[in-house]
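This is the structure, below, for whatever I ask next.
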Amino acid sequence: MSETTVIQVKDLNKKFGDFEAIKNVSFHVNEGDVFGFLGPNGAGKSTTIRCLLSLIQPNRGEIQLFGKHLHTNRKEILSRIGCIIEKPDFYKYLSAQKNLEIFARISGAEVSAKEIEGMLEFVGLADRAKHKVKGFSHGMKQRLGIAQTLLHKPDLIILDEPTTGLDPQGIIEVRNLILRLKNEQHKTILLSSHQLSEIEMIANRMVIINKGHSIVEGSVSDLLNAEELLVKFEVNDADKAKTLLSAYTVKAINTTTIEILLNRNEISSINKKLVEANVLVNAIEPKRKLEDFFIKTIQN
Amino acid sequence: MLLKNTYNELIKIVSKPRSFLGFGALSLLIAIILFAMKADGSSIVSMVTDSFEQTLTFNGNVINGNLIAFIILQMLIVHVPLLIALVTGDLISGEAAMGTIRMMASKPISRTQIVLSKFIAGALYTLLITLWLGFLALFVSHFIFGSGDLIVLNSDGLVILPEADVFWRFGLGFCVAFLSLLTVSALSIFLSAYSENSIGPIVATMSIILVFTIIGSLDASVFNSIKPYMFTTHMAAWRSFFSAEVPFNAIYQSIVILVLHIFSFLGMTLYKFNKKDITS
Amino acid sequence: MKQFVLFIAISFSCFSHAQNAEDVITKINNKFNAVKDYSVNVYIQANIPMLKIMPNKGKLYFKQKDKVKIDSKGITVLPKQGFTELNSFLNEKGAYMAIFGDSVMIRGVKTKLINVIPNNSASDIILVKLWVDLQNNIILRSQLTTKSNGSINIDYSYTDQINYGLPNQLKFEIDVKKFKIPKSIAGDINKTNQQEKTTKEIDKGTITVNFTEYKVNIGLKDEIFSKN
């Protein structure tokens, strides 16, 4: 992965009246990253993202995108970004195709009618191209939002809560789409989401912000591997396993399940130990570690 | 980018059902006026000429297309601002309410260009409404009532303008009427930049026009110093073209004040919208 | 006694002059009655306070006894009374009493004033004053006073149709003090500075009608007058 910095945010501050929405937020996103942007509600994620898109003017701080200052190179920078902020909103009285045409016209790139058709095909809305958006479900709007995001072939894609309100099928579709963008088109993606499992699955770097501050930033694997992991083992004899692993903090859930707090690199040795002692291991499952890490980080 | 987005704005205006409300309402109102004038025009006109007709007789085609056009203009020019504000007052606030302003403002188009394209589209809509009003008022009523000299009742008396001397007055009158409506359009776009719902700017625009018009028509000396600077005072400037001797200086003054208002409203909209944090 | 003598003197004076005055009117009527109909080009100029109208051309048709019609491209303004009323009234023998008044010079012509008083008190006409050129038996000035519309003064000028008593110019002077423009009806409600003018009373306005190209006794059909 190239280490060219696509987003560089330094000491970003924004006040709404007396309320400080973000305080000294700093992070950077490298080219090719799928960057997880995490934080509880009201942490300042949306404010930060809106600052990146010049929707909100920060009171202080520095934003550089593609190595250029946003303030002085807004037009050039925004022409290289595709985004969905919170939810994709469209002109309800216009068709999906007309909506895309409208946004394509101001995207800073020449987008042909064929490309618009192709994009609608890509997000599975080709058969609804002429239908007015007011009749679209949330999932369809979300897909149209993604089409709008990708229309002008941006280098950076910012997706703020792209799976909010989607059904499980829709969430999987969006996840697969992001993975395709990452793997096939090598786009840089900044992904803000409440779905921590999503971030864990697709992000390679992340930042957690809380109460307007950026708390932790780094590689997802590094951050999570540094932590002890709660791993669930499904075995044929939980009591025997618990006795065997008395050196660890082991909790028997039932007669066939135990949970052990350990480091990621210890999983294989524990598995070996159990098998050698004739304890059959049916399954090993690390338990939602990002969620734990997130909660722990926020609480700290 | 400005032209592209102006085209976008025109598509949006054309696609909104409310944009046709103005054309529909104008057509209906004018149809009602034409019907009333056809059915009972002479008694309607005699209300105006009554005090003269005790002593004088008016010979010739008094109720003609020019008179009807003038009556239509006079009656409707008060209501057209509402029809204009219905569309232009929604241009920014409607997008804020819908959330699309967020999508637009995150594109590589400057906010100044967004406002200017909306203003240009709003101006074109205003022009179309004015032209539609002109078409119905002048051409349809000429078709039905024929042509003739124009009797105009001003507060300083009756003016009878020869037929040949009327068309240019209507032409210039419509130009100044357009300028008045453009001021309304600019005002409603300005108010629209402050609001995140569609109704607020429309109601606020009409309220401002109403209050200023009432102040303008009150004979209270306390308001005399501000009256010359209120745009509503000059919204009726189109009518001056129908004086026997056209007061061009007064009209130029009105045009200057209306244009100043338009640029002030536009300037304030640009300032506000460029400074605005888009949080919707 | 003094009053009685005065009454007799006035009555005698009236009686003795009435014959002559009515003869003059009869001569004027006869002259005019020789015209069965006519058409004439008119050029109308109005100078009436609170009414601004450009001079206008038209064609006027007349047929005895009181049919009048003006064809014009635009709108023309004429006094409501004064065109046919006077002739109709003077033609009604026994409807009035005519008395000579003073002699007056009008535009260098010696005229005699004839006061014409209607016998019927219900008539709208209160008094008619005629200043007559006795040599040509033509009216040079008239004043028609009515209950409904005040006074109309008419000055007559003659050239080629003097034999028929048809003028080449009529200059009407009319009362305009009744004109009031209700501000609510006037469209320019924002013009507050005009208020003063509407209430200002201006007494007289004039309408001048020039007649050219008379065509007399051409057998005009009645339909001409019924067409709008």
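The values are calculated or read from the model by the stated rules, or taken from the named source; none is laboratory data. Keep in mind that this is a model prediction, so the values were computed, not measured. Positions of Cβ are generated from backbone atoms using ideal geometry, with glycine treated the same way; all protein chains shown enter the neighbour counts.
Look through A:Ile56, A:Ile63, A:Ile7, A:Ile49 and report the one residue that is within 14 Å of chain B (Cβ to nearest Cβ) and assigned to a strand (DSSP E or B).
Working: A:Ile56 fails: assigned to a strand (DSSP E or B); A:Ile7 fails: within 14 Å of chain B (Cβ to nearest Cβ); A:Ile49 fails: assigned to a strand (DSSP E or B).
Sole residue among the options that is within 14 Å of chain B (Cβ to nearest Cβ) and assigned to a strand (DSSP E or B): A:Ile63.
Assess whether C:Ile189 counts as being surrounded by 13 or more Cβ atoms within 10 Å (Cβ to Cβ), modelled with pLDDT of 75 or more and within 14 Å of another protein chain (Cβ to nearest Cβ). Write out each step before concluding.
On the way: surrounded by 13 or more Cβ atoms within 10 Å (Cβ to Cβ): yes; modelled with pLDDT of 75 or more: no; within 14 Å of another protein chain (Cβ to nearest Cβ): yes.
Considered against the rule, which asks whether it is surrounded by 13 or more Cβ atoms within 10 Å (Cβ to Cβ), modelled with pLDDT of 75 or more and within 14 Å of another protein chain (Cβ to nearest Cβ), C:Ile189 comes out as no.
Which residue out of B:Ala193, B:Ala236, B:Ala177 is more than 14 Å from every other protein chain (Cβ to nearest Cβ) and in contact with a helix residue (DSSP H, G or I) (Cβ under 9 Å, 6 or more places away or on another chain)? Even if it seems obvious, please write down each step before you answer.
Details: B:Ala236 fails: more than 14 Å from every other protein chain (Cβ to nearest Cβ); B:Ala177 fails: more than 14 Å from every other protein chain (Cβ to nearest Cβ).
Unique residue meeting the criteria: B:Ala193.
Turning to a different aspect of this structure: Spot the failing condition for A:Leu224; the list is (1) part of a strand (DSSP E or B); (2) within 20 Å of A:Thr297 (Cβ to Cβ); (3) touching a Phe, Trp or Tyr at 6+ places or on another chain (Cβ under 7 Å); (4) of a type outside the set (Gly, Ala, Ser), and only one is missed.
With respect to (1) part of a strand (DSSP E or B); (2) within 20 Å of A:Thr297 (Cβ to Cβ); (3) touching a Phe, Trp or Tyr at 6+ places or on another chain (Cβ under 7 Å); (4) of a type outside the set (Gly, Ala, Ser), A:Leu224 is out only on (1).
Would you pick out the residues in segment A:77-114 that are of a type in the set (A, V, I, L, M, F, W, C) and facing chain B (nearest Cβ under 7 Å)? Reasoning before the result, please.
We begin by selecting, within segment A:77-114, every residue of a type in the set (A, V, I, L, M, F, W, C); these are A:77-78, A:81, A:83-85, A:90, A:94, A:96, A:100, A:102-104, A:106, A:109, A:111, A:113.
Result: A:Leu78, A:Cys83, A:Ile85, A:Phe90, A:Leu94, A:Ile102, A:Phe103, A:Ile106.
Evaluate segment B:20-34: report whether one residue or more is within 13 Å of chain A (Cβ to nearest Cβ), at pLDDT 90 or above and under 24 Å from the mean Cα position of the chain (by Cα). So that I can check it myself, show each step before the final result.
From segment B:20-34, those within 13 Å of chain A (Cβ to nearest Cβ) are B:20; that's our starting set.
Those left that are additionally at pLDDT 90 or above: B:20.
Those still in the list that are under 24 Å from the mean Cα position of the chain (by Cα) too: B:20.
Yes, because at least one residue in segment B:20-34 is within 13 Å of chain A (Cβ to nearest Cβ), at pLDDT 90 or above and under 24 Å from the mean Cα position of the chain (by Cα).
Any residue in segment A:12-19 that is of a type outside the set (Lys, Arg), outside any strand (DSSP E or B), without any contact (Cβ under 8 Å) to a residue 40 or more places away in the chain and outside the structural domain of A:Met119 (by TED's automatic domain parsing)? Full working, then the answer.
Looking only at segment A:12-19, we keep the residues that are of a type outside the set (Lys, Arg), and these are A:12-13, A:16-19.
Now restrict to residues that are outside any strand (DSSP E or B): A:17-18.
Cutting the leftovers down to without any contact (Cβ under 8 Å) to a residue 40 or more places away in the chain gives us A:17-18.
Imposing the further condition that a residue be outside the structural domain of A:Met119 (by TED's automatic domain parsing) reduces the set to A:17-18.
Within segment A:12-19, one or more residues are of a type outside the set (Lys, Arg), outside any strand (DSSP E or B), without any contact (Cβ under 8 Å) to a residue 40 or more places away in the chain and outside the structural domain of A:Met119 (by TED's automatic domain parsing).
Still on this model: Kindly check whether there is at least one residue in segment C:95-110 that is in a strand (DSSP E or B), more than 14 Å from every other protein chain (Cβ to nearest Cβ) and among the charged types (D, E, K, R). Step through it out loud before you land on a result.
If we filter segment C:95-110 for residues that are in a strand (DSSP E or B), which is where we start, we get C:96-106, C:109-110.
If we keep only those that are more than 14 Å from every other protein chain (Cβ to nearest Cβ) as well, we get C:96-106, C:109-110.
So of that shortlist, the ones also among the charged types (D, E, K, R) come out as C:102, C:110.
Scanning segment C:95-110, I find at least one residue that is in a strand (DSSP E or B), more than 14 Å from every other protein chain (Cβ to nearest Cβ) and among the charged types (D, E, K, R), so the answer is yes.
What are the residues in segment A:165-194 that are buried (at least 18 other Cβ atoms within 10 Å of the Cβ) and not in a helix (DSSP H, G or I), if any?
Within segment A:165-194, A:Leu166, A:Lys187, A:Thr188, A:Ile189, A:Leu190, A:Leu191, A:Ser192, A:Ser193 meet the criteria.
Here's the yes/no breakdown for (1) surrounded by fewer than 20 Cβ atoms within 10 Å (Cβ to Cβ); (2) modelled with pLDDT of 90 or more:
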{"site": "B:Thr112", "(1), (2)": "yes, yes"}
{"site": "B:Leu116", "(1), (2)": "yes, yes"}
{"site": "B:Phe119", "(1), (2)": "no, yes"}
{"site": "B:Leu128", "(1), (2)": "yes, yes"}
{"site": "B:Trp132", "(1), (2)": "yes, yes"}
{"site": "B:Ala137", "(1), (2)": "no, no"}
{"site": "B:Ile151", "(1), (2)": "no, no"}
{"site": "B:Ser155", "(1), (2)": "no, no"}
{"site": "B:Ser180", "(1), (2)": "no, yes"}
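In this structure, is B:Ser180 outside any loop (DSSP other than H, G, I, E, B), in contact with a Leu (Cβ under 7 Å, 6 or more places away or on another chain) and within 24 Å of B:Thr130 (Cα to Cα)? Step through it out loud before you land on a result.
Details: outside any loop (DSSP other than H, G, I, E, B): yes; in contact with a Leu (Cβ under 7 Å, 6 or more places away or on another chain): yes; within 24 Å of B:Thr130 (Cα to Cα): yes.
In short, yes.
With respect to A:Ser46, determine if the residue is more than 30 Å from A:Glu110 (Cβ to Cβ) and assigned by TED's automatic domain parsing to the domain that holds A:Thr188.
Spelling it out, A:Ser46 is indeed more than 30 Å from A:Glu110 (Cβ to Cβ) and assigned by TED's automatic domain parsing to the domain that holds A:Thr188.
Being touching a strand residue (DSSP E or B) at 6+ places or on another chain (Cβ under 8 Å) and either modelled with pLDDT of 85 or more or under 26 Å from A:Ile202 (Cβ atoms) (or both) narrows it down to one of A:Glu291, A:Glu276, A:Glu259, so name that one.
Numbers: A:Glu291 fails: touching a strand residue (DSSP E or B) at 6+ places or on another chain (Cβ under 8 Å); A:Glu276 fails: touching a strand residue (DSSP E or B) at 6+ places or on another chain (Cβ under 8 Å).
Every option except A:Glu259 fails the conditions.
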